[in-house]
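The values are calculated or read from the model by the stated rules, or taken from the named source; none is laboratory data. From a predicted model like this one, the values you see are computed outputs, not experimental measurements. Virtual Cβ from ideal backbone geometry, glycine too; neighbours counted across all protein chains shown. Just so you know, the surface numbers come from the protein's heavy atoms only, side chains and all, with ligands and any DNA or RNA stripped out. Shrake-Rupley method; radii C 1.70, N 1.55, O 1.52, S 1.80 Å.
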Amino acid sequence: MPTLIKNGTLITASETFQADILIENEKIKLIGKDLSYPNAELIDATGKFITPGGVDPHTHFDLPMFGTVSSDDHYTGHKAAAFGGTTTVMDFAVQEKTGLEHSMDLWLEKARKAAIDYSFHMNLTHMDDAVAAELPRLREMGVQTLKVFTAYNGRLRLDDGGIFRTLRLARENGMLVMAHCENGDVIEQLIPEALAAGHTTPEWHALTRPGWGAIESTLRMCAMSQQTGAPVYIVHMNVGGEADMLQYARERNVKVMGETCPPYLFFSIDDLRRPDGAKWICSPPMRSVEDNARLWQALKEETIQVIGTDHCPFFFDGTKPIIYEGHEVAIPGKELGRDNFTKIPNGLPGVQDRLPVMWTFGVGAGMFSANQFVAMTSTNPAKIFGLYPRKGALLPGSDADIVIWDAHKQLKYGVAHSHQRTDYNLYEGWQLTGYPEKVLLRGKVIVDGEKWLGKSGDGQFLKRGEGEVI
Ligand code: DUC
Ligand code: ZN
Ligand code: ZN
């Protein structure tokens, strides 16, 4: 049955206006004033804001790490995303020795429980002739993004030659390289030194991963982008200096784009010094309040184009079960590194928090406009990753992925409101103004207030085409 959303205020990446939305066969059919349609199911959005569903290009569901696994899988993470207004996620497949196609098959299998729409990037941790030969097949499968690492020596890292070769191949195949920027060699020197000196607390996680390593590595990626002509997307930008490097390169027409994640805007190494500092352990680490400020500025000035999450949750205390959908769940987590920061699983929850937190502290606090909010959390990632205008848009013909916001809702946020399957929330007790009230995935209401109407298996795999450089 068609659905008609009446009297809402639509917010897109470029405009804010009042209109009705007619939905038919999972798509937006019409947008206009005073629409009517016989027998349509009516949703009254008077006084509400309407945005396209959020697109989160950076999640890690069901990711094995340090002898445990990230605590949201491709169902629970999708459900949490939906409650926070996100209807599309992109996760990272791990490259296996058995080839790229087989690696993809393994992750597609894990994602069969999907509740929202999803796609994958490929972590490229090994490059040789056989891998190069498989890239066109990966492209055909709808995966046109390769993530490379300049850190995690001997495990995930490609050396600069390998990255350079990957960039050339990406250019030939119309693919986009995403880069995790830190200086792996420096980190490998500093960690054993810190441990030998008896420094085992969480703050040493940050002290052994210096911000300047991220800055020079970002510039290195910009340089290789310029040298090969291949576009590059810097993931999880966390240091102010990375924004400076991006600005420097973009001013010189280098095709580089960037993403930051909410925790890098709000938290610093001081949070790692708290008694529960392990809650903030992820890589790259939290930096300084000056870095927070520079990253906010880079968003406002659109030097950075995307706000993603790098959602990769672990329990703070995985020995104590929580109740999730009526069942007790406990998954080993941050307690594994109680006596040694190198054993704390790296990663933070955030897939549900992203839109509401950025709405309140980005739009509400006047850090950027509501249109910029939509651009950075939905439209830009859809464009960059080859999903626009199917996703990230309120346009006739787009998938009817729609968020209806109660912009006045007052909420003391925290783990009690969260469907992220972990025992803590980074924004515990924070006061939010505005929250998604109804969320539609391809025309179906999957979140209605507190009610979950979505279903495991309803999410579709999205084959992506070539993205845009913006
Ligand atoms: N960083 C994390 O903290 N966790 C998962 C992957 C990553 O890059
Ligand atoms: Zn990373
Ligand atoms: Zn990540």
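Here are a few things to note about the model shown:
- Restricting the range 32-61 to residues that are crowded, with 19+ Cβ neighbours inside 10 Å and of a type in the set (A, V, I, L, M), the residue that is farthest from residue 405 (Cα to Cα): 55
- Within the range 120-160, the residues that satisfy the criterion of being open to solvent by less than 20 Å² (accessible area, probe 1.4 Å) and under 15 Å from residue 230 (Cβ atoms) are 124, 132, 135, 144, 145, 146, 147, 148, 158.
- Among the residues here, residue 366 qualifies as out of contact with any Lys or Arg (no Cβ under 9 Å at 6 or more places or on another chain) and farther than 24 Å from residue 33 by Cα.
- Looking across the range 13-31 at every residue that is of a type in the set (A, V, I, L, M, F, W, C) and closer than 20 Å to residue 442 by Cα, the one that is most open to solvent (accessible area, probe 1.4 Å) is identified as 30.
- Of the helices (runs of 4 or more DSSP H) lying entirely inside the range 142-253, the ones with 2 or more residues being in the same structural domain as residue 284 (by TED's automatic domain parsing) and either touching a Phe, Trp or Tyr at 6+ places or on another chain (Cβ under 6 Å) or under 30 Å from residue 105 (Cβ atoms) (or both) are found at 160-173, 184-196, 203-207, 211-228.
Each row is one residue, and each column tells you yes or no for (1) touching a Ser or Thr at 6+ places or on another chain (Cβ under 6 Å); (2) without any contact (Cβ under 8 Å) to a residue 12 or more places away in the chain; (3) assigned to a strand (DSSP E or B); (4) among the acidic types (Asp, Glu).
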site: 5; (1), (2), (3), (4): no, no, yes, no
site: 28; (1), (2), (3), (4): yes, no, yes, no
site: 31; (1), (2), (3), (4): no, no, yes, no
site: 34; (1), (2), (3), (4): no, no, no, yes
site: 74; (1), (2), (3), (4): no, no, no, no
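- Scanning the range 62-75 for residues that are open to solvent by less than 30 Å² (accessible area, probe 1.4 Å) and more than 16 Å from ligand 2 (Cβ to nearest atom) gives 68, 71, 72, 73, 74.
- So residue 209, is it basic (Lys, Arg) and more than 16 Å from ligand 3 (Cβ to nearest atom): no
- Within the range 190-210, the presence of a residue that is within 26 Å of residue 168 (Cα to Cα) and within 16 Å of ligand 2 (Cβ to nearest atom) is excluded.
- The number of residues in the range 7-26 that are assigned to a strand (DSSP E or B) and farther than 14 Å from residue 396 by Cα comes to 7.
Condition check ((1) closer than 23 Å to residue 241 by Cα; (2) in contact with a helix residue (DSSP H, G or I) (Cβ under 8 Å, 6 or more places away or on another chain); (3) buried (at least 20 other Cβ atoms within 10 Å of the Cβ)) across all residues:
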| residue | (1), (2), (3) |
| --- | --- |
| 172 | no, no, no |
| 188 | yes, no, no |
| 194 | no, yes, no |
| 198 | no, no, no |
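- Boolean, residue 272 is open to solvent by less than 20 Å² (accessible area, probe 1.4 Å), assigned by TED's automatic domain parsing to the domain that holds residue 80, over 20 Å from the mean Cα position of the chain (by Cα) and on the phi < 0 side of the Ramachandran plot: yes
- Residue in the range 351-371 that is touching a strand residue (DSSP E or B) at 6+ places or on another chain (Cβ under 6 Å), closer than 25 Å to residue 26 by Cβ and among the charged types (D, E, K, R) present: no
- Residues being among the basic types (Lys, Arg) and farther than 16 Å from residue 305 by Cβ - total across the range 224-277: 3
- Members of the range 275-317 that are open to solvent by less than 30 Å² (accessible area, probe 1.4 Å), in contact with a helix residue (DSSP H, G or I) (Cβ under 9 Å, 6 or more places away or on another chain), assigned to a loop (DSSP other than H, G, I, E, B) and within 16 Å of ligand 1 (Cβ to nearest atom): 281, 282, 283, 284, 285, 286, 308, 309, 310, 313, 314, 315
- Restricting the range 76-108 to residues that are surrounded by fewer than 19 Cβ atoms within 10 Å (Cβ to Cβ) and not in a helix (DSSP H, G or I), the residue that is nearest to the chain's Cα centre (by Cα) is 94.
- Residue count for the range 446-460 under the criterion of being over 16 Å from residue 411 (Cβ atoms), open to solvent by less than 50 Å² (accessible area, probe 1.4 Å) and without any contact (Cβ under 8 Å) to a residue 40 or more places away in the chain: the result is 1.
- Members of the range 2-58 found to be touching a Phe, Trp or Tyr at 6+ places or on another chain (Cβ under 8 Å) and over 20 Å from residue 388 (Cβ atoms), listed by number: 2, 4, 8, 9, 22, 48, 49
- Hey, residue 356 modelled with pLDDT of 95 or more, within 13 Å of ligand 1 (Cβ to nearest atom) and under 30 Å from residue 256 (Cβ atoms) or not: no
- Residue 111 being part of a helix (DSSP H, G or I) and open to solvent by less than 20 Å² (accessible area, probe 1.4 Å): yes
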